[in-house]
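This report refers to the structure that appears directly beneath it.
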Amino acid sequence: MTAYPNLEQALKYYFGYDNFRPGQRQIIEGAMQNRDLMVVMPTGGGKSLCFQLPALMKPGVMVVVSPLIALMQDQVESLRKNGVAATFLNSSLNQYKTRSREQALLGGKVKLLYLAPERLLSERFLPFLDLLHHQVSISAFAIDEAHCVSEWGHDFRPEYRQLKLLRSRFPNVPVFAFTATATNRVRDDIISQLQLKQPCIHIASFNRQNLYYEVRQKGKSTYGEIVSLIRENEGSGIIYCLTRKQVEEIAFKLQHDKISALPYHAGLSDEERSQNQTRFIRDDVRIMVATIAFGMGINKPDVRFVIHYSLPRNLESYYQESGRAGRDGEPSRCTLFFNYGDVKTIEWSINQKTEEQEQLIAKQQLRQMIDYAEGTVCRRTIQLGYFGEYFPGNCNNCDNCCYPQPVEDWSIEAMKFLSCVARCKERFGMSHTIDILRGSKNKKVTQYKHNELSTYGIGKDRTVDEWRMLGRSLLHQGLLEQTNDGYSVLKLNALSWEVMRRQRTVSVAIPVKPKVPELKQNAKAAAADMLMYKLRSLRKELADAQSVPPYVIFPDSTLRLMAQVQPQTRDDFGKLSGVGSHKLSQYGDRFLAEIRLYRQEQGLSISQGKFTPGNNSPSSTELQTLQLYQQGLSIREIATQRNLRPTTIVRHLCDLIEKNQSVDINQLVSKEKQQKILQVLESLGDISLTPIKEYLGDSYSFDDIRLVRGKWRRQKH
């Protein structure tokens with residue numbers, strides 16, 4: 001395999017990271033060799049970087065297929081903040097902006113293009129792709145959320161099936177398939193449907209080590225527990241509910257309890273959903289209460305906890321929804337509240353399906369979900385086993401490993417339960433069986449004269465929930481069966497009779513109220529830490545000014561490093577993980593000033609090194625450019641004399657203007673243009689040049705904008 005020694009350098013330059021996460025380098029090397037890729041990498045594993053970095057290192061444009069507008073806009077914004085030329089085309093753009101972006105693509109000024117599958121496959125757009133490939137070349141097609149291709153995936157989308165057309169239309173362009181969740185069956189289906197040619201297959205571990213998983217019994221105290229979880233855990237959180245009504249009720253209660261929360265469900269208008277999502281992403285509110293309609297379109301890495309107020313329909317959905325916590329690798333919590341009322345609601349929904357096969361699959365998936373909720377072994381063992389990955393248990397980061405439930409011998413109760421099923425001639429479900437055991441006098445019991453059975457009333461000493469817990473446990477242990485005809489009638493089998501003949505004992509794990517473990521690593525990052533609080537406040541201020549989410553400026557992990565290391569020079573600041581060259585240039589001075597001010601307030605030493613706020617000295621190369629400029633040479637003449645590119649000379653002049661050196665900008669950009677550019681900068685903030693250029697139009701060059709931005713930054717400081 002070819003070695004690529006410059007990959008780490010490119011990683012640091014563009015994204016600010018010193019090292020790749022597990023698996024990333026091998027995937028990127030495969031991409032650099034123009035191999036087809038099939039990558040299964042869980043949320044938080046860094047799959048986006050696996051196609052973004054090759055896009056920057058290969059000639060041409062990489063076309064990224066993404067299913068949601070919000071997701072593609074978010075990724076493009078994050079890339080632009082790293083100085084990467086990325087754009088998207090979707091229905092949110094007017095005709096002028098669409099045409100402007102298409103011209104930029106054909107002019108070779110863009111490295112990554114994000115599209116929805118519907119636009120990519122449209123009759124109007126395919127000829128544009130042909131032209132783009134002819135003029136600039138398409139380096140690869142990256143299919144994000146590739147599980148949407150498969151009917152066996154949890155989020156199948158028919159339009160994704162048509163992506164196989166790319167292989168016949170662009171036979172020599174590699175196709176990269178990326179997904180966060182896929183069973184073996186789904187993975188094989190993706191390879192087949194996209195017609196991948198001998199793909200380089202990479203399956204990362206599904207083990208999200210930073211997530212703490214727990215299941216709690218859902219009851220009258222659940223809302224109080226949710227409030228406690230919110231107050232005990234820092235940062236943003238998502239609460240998932242089964243119905244719109246539950247979403248509205250919980251959001252209203254939280255607001256009443258002075259917790260900033262917003263609802264999100266299909267019953268809200270598109271505008272209201274979009275506004276609520278934006279406010280959550282930008283940290284204007286802490287909590288989003290939502291149906292499962294929320295989540296796929298967000299790329300928020302600093303969600304610290306996900307609470308499921310209702311049972312998900314299957315393990316794959318639960319893995320993905322809970323996995324929206326801790327995408328930045330920081331410790332986070334996933335809590336599931338479970339009761340049988342939710343099971344009944346989902347069962348009713350499943351029974352509305354017209355296809356019998358669909359019903360059977362859905363019921364099997366629900367059973368697996370219940371197994372997870374009631375399981376007494378390591379939560380990761382159950383989760384990872386679903387995806388075909390063996391995990392030995394003892395993860396030390398789930399409730400069952402940290403606080404194992406006591407196991408009791410319930411053989412006598414099991415004999416009573418199974419005997420009651422037998423005496424009812426195996427014709428009834430669990431609720432009716434429990435009614436008989438507890439001596440209920442309801443109409444159905446008396447109608448069938450089941451109040452005359454010998455098992456009537458022999459289970460009054462146990463609650464309904466305890467009997468139901470036993471019944472489910474018998475089903476999961478294979479000691480009892482249940483019909484799949486929608487009526488869930490209980491049936492005995494050979495093992496049932498062994499229990500009743502005292503040939504087999506029955507043990508049941510008894511749920512206990514879980515202790516809430518302290519996430520010690522989180523405590524170090526508490527907002528009570530004064531410097532961390534100051535850095536967060538500065539980040540929010542910058543993000544609001546630029547209308548972007550705070551994590552786009554810097555992730556929490558980088559802020560935490562700033563607070564720990566407290567760098568005082570640009571060189572030291574640039575060494576922090578998450579600080580690339582573009583962000584060092586854009587934000588370095590502001591954050592360094594905040595750190596130095598904090599150290600001054602605390603009476604700590606302040607370095608007299610390279611960085612002094614408000615007094616940036618020009619570098620030696622910038623001074624050479626300044627000397628020649630003051631002699632009257634043009635930009636092109638200076639570039640020729642110094643054997644440098646004109647764009648490098650322009651950057652020198654921009655930095656010299658920003659550092660308050662004597663450069664007459666009026667000789668470089670007309671006053672009229674300066675005025676217009678300054679207006680746009682005041683409106684849009686200190687964002688990347690591409691959207692500013694798109695806003696101003698073709699009569700303004702990137703050099704014009706750079707130079708005026710230097711003047712604007714100087715005025716701001």
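Bear in mind these aren't lab numbers, they're just calculated from the coordinates by the rules spelled out. Note that the structure is predicted; figures quoted are calculated from it, not measured. As a convention, Cβ positions derive from the backbone with ideal geometry for all residues, glycine included, and neighbour counts pool all protein chains shown.
Taking a sphere under 13 Å around the Cβ of Arg636 and counting the other residues whose Cβ falls inside, with K and R at +1 and D and E at -1, yields a net charge of 0. The label point for Arg157 and the one for Ile510, both projected 7 Å from the Cα toward the Cβ, are 5.0 nm apart.
Each residue, Gln641 and Leu131, gets one label point 7 Å from its Cα in the Cβ direction; the gap between the two is 4.3 nm. Kindly express, to the nearest 10 degrees and within the range 0 to 90, the angle between helix 69-81's C-alpha long axis and the longest C-alpha principal axis of the chain. Approximately 40 degrees, to the nearest 10. Pair-distance distribution of the stretch 407-509: all C-alpha pairs, bin width 5 Å, starting at 0; shares per bin in whole percent are 2, 13, 27, 26, 20, 9, 3, 0. When you work out D = kT/(6 pi eta Rh) for the stretch 61-168 at 20 °C and 1.002 mPa s, using the Kirkwood radius from C-alpha pairs as Rh and the Stokes-Einstein form, the result is 150 µm²/s. Dividing the Cα radius of gyration of the stretch 525-601 by its Kirkwood radius returns 0.92 for Rg/Rh.
For the pair Leu604 and Lys671, what calculated FRET efficiency results from E = 1/(1 + (r/R0)^6), where r is the Cβ-Cβ distance and R0 = 60 Å, to the nearest 0.05?
About 0.85, to the nearest 0.05.
Estimated from helices alone, the mean residue ellipticity of the chain at 222 nm is -14500 deg cm²/dmol (sum of -39500 (n - 2.57) over DSSP H runs with n ≥ 4, per residue). Extension gain, Leu165 to Leu360, is 66.9 nm, computed as 0.36 nm per intervening residue step minus the present C-alpha separation. Between helix 702-716 and the chain, what is the angle of the helix's C-alpha long axis to the longest principal axis, kept within 0 to 90° and rounded to the nearest 10? The helix 702-716 is inclined about 80 degrees to the chain.
Restrict the search to the stretch 314-385; then list the GluC sites (Glu not before Pro) that DSSP places in a loop and that have at most 11 other Cβ atoms within 10 Å of their Cβ.
Working: sites: Glu316, Glu321, Glu347, Glu355, Glu356, Glu358, Glu374; in loops: Glu355.
When the GluC sites (Glu not before Pro) of the stretch 314-385 are filtered for loop state and at most 11 Cβ neighbours within 10 Å, Glu355 remain.
R0 = 41 Å: FRET efficiency of Thr483 with Asn394, Cβ-based, nearest 0.05?
0.65
In Å, what Kirkwood hydrodynamic radius results for the stretch 305-361 from the alpha-carbon pair distances? Display every interim value, and only then the final one.
On the way: mean 1/r = 0.0773 Å⁻¹.
Final number for the Kirkwood radius of the stretch 305-361 is 12.9 Å.
Rounded to the nearest 0.05, the FRET efficiency derived from the C-beta distance between Tyr223 and Asn19 at R0 = 51 Å is 0.75. Maximal additional length on extending the Asp686-Thr243 stretch stands at 155.3 nm, based on 0.36 nm per residue less the C-alpha distance.
The tail of the calculated P(r) for the stretch 620-716 beyond 19 Å holds 39 percent of all Cα-Cα pairs. If you wrap the Cα atoms of the stretch 251-395 in a convex hull and average its projected area over all directions, you get 10.6 nm².
From the alpha carbon gyration tensor of the stretch 357-449, can you work out the equivalent ellipsoid semi-axes (sqrt of 5 times each eigenvalue) and give them in Å, largest to smallest? Mind dumping the intermediate values first?
Details: eigenvalues 245, 74, 22 Å².
Computed over the stretch 357-449, the values are 35, 19, 10 Å.
Working note: Cα atoms of the stretch 112-201, range along each principal axis, descending, whole Å: 39, 25, 22. Counting only lysines at least 8 places from Lys441 when in the same chain, those with an alpha carbon closer than 30 Å to its own are Lys218, Lys220, Lys344, Lys416, Lys425, Lys449, Lys460, Lys491.
Its Cα gyration tensor gives the stretch 1-111 an equivalent ellipsoid. The semi-axes, each the square root of 5 times an eigenvalue, are 26, 16, 14 Å from largest down. The angle between the Cα long axis of helix 270-281 and the longest principal axis of the Cα atoms of the chain comes to about 80 degrees, rounded to the nearest 10.
Out of all DSSP beta bridges in the chain, what portion is antiparallel? Express it as a percent rounded to 5. Could the numbers behind the result be given before it?
Values: 5 of 54 bridges.
Of those bridges, close to 10 percent are antiparallel.
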